[in-house]
1. Filter the stretch B:1-41 down to residues that are outside any helix (DSSP H, G or I) and hydrophobic (A, V, I, L, M, F, W, C) and give me whichever is nearest to B:T66 (Cα to Cα).
2. Mind telling me which of the residues A:G98, A:G103 ends up being surrounded by fewer than 19 Cβ atoms within 10 Å (Cβ to Cβ), on the phi < 0 side of the Ramachandran plot and either within 14 Å of chain B (Cβ to nearest Cβ) or within 14 Å of the chain's Cα centre (by Cα) (or both)?
3. Could you tell me whether A:L140 is aliphatic (A, V, I, L, M), within 26 Å of A:I279 (Cα to Cα) and crowded, with 20+ Cβ neighbours inside 10 Å?
4. Quick one: which residue in A:E69, A:E88 is in contact with a Phe, Trp or Tyr (Cβ under 8 Å, 6 or more places away or on another chain) and either outside the structural domain of A:V234 (by TED's automatic domain parsing) or of a type in the set (D, E, K, R) (or both)?
5. For the stretch B:141-173, what are the residues that are within 21 Å of A:E148 (Cα to Cα) and under 15 Å from the mean Cα position of the chain (by Cα)?
6. Across the stretch B:175-188, what is the total count of residues that are out of contact with any strand residue (DSSP E or B) (no Cβ under 6 Å at 6 or more places or on another chain) and surrounded by fewer than 24 Cβ atoms within 10 Å (Cβ to Cβ)?
7. Can you give me the number of residues within the stretch A:38-54 that are closer than 19 Å to A:E22 by Cα and among the hydroxyl-bearing types (S, T, Y)?
8. Working only within the stretch B:9-33, note down all residues that are surrounded by fewer than 13 Cβ atoms within 10 Å (Cβ to Cβ), touching a residue at least 12 places away in the same chain (Cβ under 8 Å) and not polar (S, T, N, Q).
2 protein chains.
Amino acid sequence: MVEDKILELLKRRDSGHVSGEELSEVFNVSRTSIWKHIEKLRSEGYDIAAAPHLGYRLVSIPDRLTGIELKWGLDTKIIGKKIYSYKEASSTNDIAYGMAVSGEREGAVVVAEYQTSGRGRLGRKWVSPGGKGAYFSIILRPDILPREISAITLLVSLAVAKAVRGITGLPAFIKWPNDILINGKKVCGILTELNGETDKVNFIITGIGININTKVELLPEGASSLAAEKGVAVDRLELVKAILRNIDKYYKIFNGGDTAAIIKEYKKLSAVLDRQVQINYHNKLMSGHVVDVDKEGALILRLDSGFNERILAGDVTMLR
Amino acid sequence: MVEDKILELLKRRDSGHVSGEELSEVFNVSRTSIWKHIEKLRSEGYDIAAAPHLGYRLVSIPDRLTGIELKWGLDTKIIGKKIYSYKEASSTNDIAYGMAVSGEREGAVVVAEYQTSGRGRLGRKWVSPGGKGAYFSIILRPDILPREISAITLLVSLAVAKAVRGITGLPAFIKWPNDILINGKKVCGILTELNGETDKVNFIITGIGININTKVELLPEGASSLAAEKGVAVDRLELVKAILRNIDKYYKIFNGGDTAAIIKEYKKLSAVLDRQVQINYHNKLMSGHVVDVDKEGALILRLDSGFNERILAGDVTMLR
């Protein structure tokens, strides 16, 4: 698209101007045509100033998770080479799943500003109010067995927690397996789905829903947003880009076989390690002290009886 | 459908006759209408004799895997309560998968006489010539984690091997994980696919392709059919029904938590236990002596070095 290319030229010129004449020559179209493209960009939220003799100058970009902005300077190897951006989507996981079935390559990202049917773990709803959060799903095609999917879940939550810390400075921790907590409140949920056969994963869709500048009143009880915890708005584009970069980095480590390195970093940010917790799985309760997260991502719980129990799945509640 | 009900009445009358008058009264339609339904059944391959004064008599049923015939006397709890029968299908796994996504309940069976795009494990093709084999897929919704899917694979292969033995008397064995062999030749393949999330299986589709009376010339090298091994044709309907009954039985045991009982029976029919084998996984070869199939369905291989290796996936070749 010509608009994308004009935008790129304006961005590369830093704070300087690009004349209508130059643009018209570069793209080999009339100056009136250039003006129409500039108007189109303005209608999408780009603030582009025009000064006589000097030309056009990019003043600011819109607060929107578009493919072009997310890709700008992303510099990843796999994640986000393709980005499909929607203002509104039913569920980005559903869209990505459909794309994966149709053969879309790994690393493709589906992002939406608003989800009408956002889904959480175990068939739960994921509240996805518009405009201030980020809801995105990534297609992965690791050459693994279905049993190894837990590592992907941990890797993605680690990537998110690190990105939140890097961009906002907030003390983000991970509640096993993959909720991101700040000050004990949930700010992000991750839903990792798979399609495979007994001894092969065909593809994995990992979906991330993160409350960035979302109004807390719109969120369920116990949830919060990054802005609410920090007290100021957070740059959504930079945060999502940081998450994509981290996933790219940890996914590379995972594919290289060094899951141990990921688990080691994950444990440093664990909200449950060395804590007394209660686990609810299939309506069976179990409580104990979390002593480890093992190499397969299972939680090792020391029961009151002194025996260790290996927990593969369940909902964790932290006890005082 | 009236035809189904007429058929049921004819079947229940054993070798006796049912008069047109009786049928006309039972279904409250004219005798001409009854005659038309009988003609319809005849066109589907049912041999129905008509004698003056005595009425209609069912002489034989067609050699076709129809829902009505498969359900006849099936007497299962879960498997086959619904059967969708096709003369031709792209892939019964694909059809069942789509039905499962749309909410179809567990136990539903999709069966075809012929597949245009039959699929085997790891993206391989499954040759599905028409008319003499059976290709069917079952929707299961066990409350398990993705890592537990191996048990389903073993359970289904056990069910098939047992049914083949019961109906044909042939010495069917299971090549781990789930090929059925007779005299060292493959007669059946099983493809188990899943859809789920990190800690929940949404559904499993287990697809069975079995060469029953299939001409060996139509099959790939190394494959055979039950009829070729036995020397006479095998009753396809009875075989498929026996498989469905066995899956129903073992699935109940699995849901009851007694995977150990299934593994125990599975091991009795294992073609690889106590044999020298070579395993190929991701183009890495490993050879050794199979000493066990563990409680999670993994193969325990004693390497030449004396160490045991736990094999979760791979292709097995038996060595002399």
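1. The first filter runs over the stretch B:1-41 and keeps only residues outside any helix (DSSP H, G or I), leaving B:1, B:13-19, B:28-30.
Subset that is hydrophobic (A, V, I, L, M, F, W, C): B:1, B:18, B:29.
Details: B:M1: 14, B:V18: 23, B:V29: 25 Å.
Among them, the one singled out is B:M1.
2. Values: A:G103 fails: on the phi < 0 side of the Ramachandran plot.
Criteria check complete, one pass: A:G98.
3. Working: aliphatic (A, V, I, L, M): yes; within 26 Å of A:I279 (Cα to Cα): no; crowded, with 20+ Cβ neighbours inside 10 Å: yes.
Judged against the criteria, A:L140 is not a match.
4. Values: A:E69 fails: in contact with a Phe, Trp or Tyr (Cβ under 8 Å, 6 or more places away or on another chain).
Unique residue meeting the criteria: A:E88.
5. Initial filter on the stretch B:141-173 (within 21 Å of A:E148 (Cα to Cα)): B:141-154.
Those that are within 21 Å of A:E148 (Cα to Cα) and under 15 Å from the mean Cα position of the chain (by Cα): B:I152, B:T153, B:L154.
6. Within the stretch B:175-188, the subset out of contact with any strand residue (DSSP E or B) (no Cβ under 6 Å at 6 or more places or on another chain) is B:177, B:183-185.
Narrowing further to those that are surrounded by fewer than 24 Cβ atoms within 10 Å (Cβ to Cβ): B:183-185.
The total comes to 3.
7. Matching residues across the stretch A:38-54 total 0.
8. Hits for the stretch B:9-33 are B:G16, B:E21.
The values are calculated or read from the model by the stated rules, or taken from the named source; none is laboratory data. Fair warning: this is a prediction, and the values are worked out from it, not measured in the lab. Reconstructed Cβ throughout: ideal geometry from the backbone, glycine too, with neighbour counts over all protein chains shown.
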